[in-house]
Every structure is written in structure tokens, then in C-alpha cells.
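Report on one structure; see the data block that follows.
Rule-based calculations on the coordinates, nothing more; no lab input. Computed from a predicted structure; not experimentally measured. Methodologically, a virtual Cβ is constructed for each residue, glycine included, from the backbone with ideal geometry; neighbour enumeration extends over all protein chains shown.
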Amino acid sequence: MTFKITLLLISIITFLLNIPFGYWRANAKRFGLQWYLAVHLPVPAIIALRIFTGIGFHWTTYVALIAAYFFGQFLGGKIFLLRASKHKLPLTSCLVMDLYRCYAK
């Protein structure tokens, strides 16, 4: 694969990986342990993706991956706030379980 396609795929994976973590972060106390973990736990996975795909650490790759990282966190937080305001079910910090409980009925 070409470098641009690889970078695009890694950016999409980074974005999708961060949505559940942003959801978790939105339900955690700001600057608490859970908030800190929700922000920083995806970083080793993203670094591993960079190494295993061979895109390296050139400065041009940082723009796409940091944008994907923060947009995933942002969207996850917005999903939590939207679900909290629209649904009467009690929410947890886990997006997967909240979606399962909502649609399993």
C-alpha cells in the first residue's frame, strides 16, 4: 500500500478506537484517574500501529493522527452527552454496554 493510504487507514482506526474512550472520559471526573486513563490508554495502541505499519514518526504523520485522536475523543464525549439528555436509561461509562442495553430489548 502507498504511504497516503496507510496513513488514512491508521487515522480511521485511531478515530474509531478513541470514540469509546471519549465516551468513558465524558462520564469521568475531570482530571481524575478514570479521566486520565480514558485519555492516555489508547496511546500505546496508536504507537504500536505506527511501528507495525511502518509509517514511522515523521512530523507530517502527527497532523493526521492527532486530529483523528482528538476528533474521536470529542465525538465519544458528544455521544455520551446526547444519550444522557435523550434517554431515560441510566448510563455507564461503557459505550458498548450502553448500546447493548438500549437495543437488546
- Please identify, among G77, G54, G22, the residue showing maximal mean-square fluctuation in a Gaussian network model of the chain using a 10 angstrom Cα cutoff. G54
- Which helices, counted as full DSSP H runs in the chain, have an axial Cα extent of no less than 30 Å and a Kyte-Doolittle average of 1.0 or above? 3-26
- Task: Starting with the fewest neighbours, write out S11, S85 ranked by other beta-carbon atoms found within 10 Å of each beta-carbon.
- Result: S85, S11
- Sorted largest first, the C-alpha extents of the range 3-103 along its principal axes in whole angstrom are 46, 29, 18
- Note on the structure: Toy charge model, Lys and Arg Cβ at +1, Asp and Glu Cβ at -1: the chain dipole around Cα centroid in debye, rounded to 20, equals 420
- Calculated Rg and Dmax of the range 1-42 using C-alpha coordinates, Å: 13.4, 42
- Message: Between F74 and I51, what's the calculated FRET efficiency when r is the beta-carbon distance and R0 is 22 Å? Round to 0.05.
- Response: 0.30
- Message: Starting from 0.36 nm per residue, how many nanometres of slack lie between A67 and H40 once their C-alpha separation is accounted for?
- Response: 8.2 nm
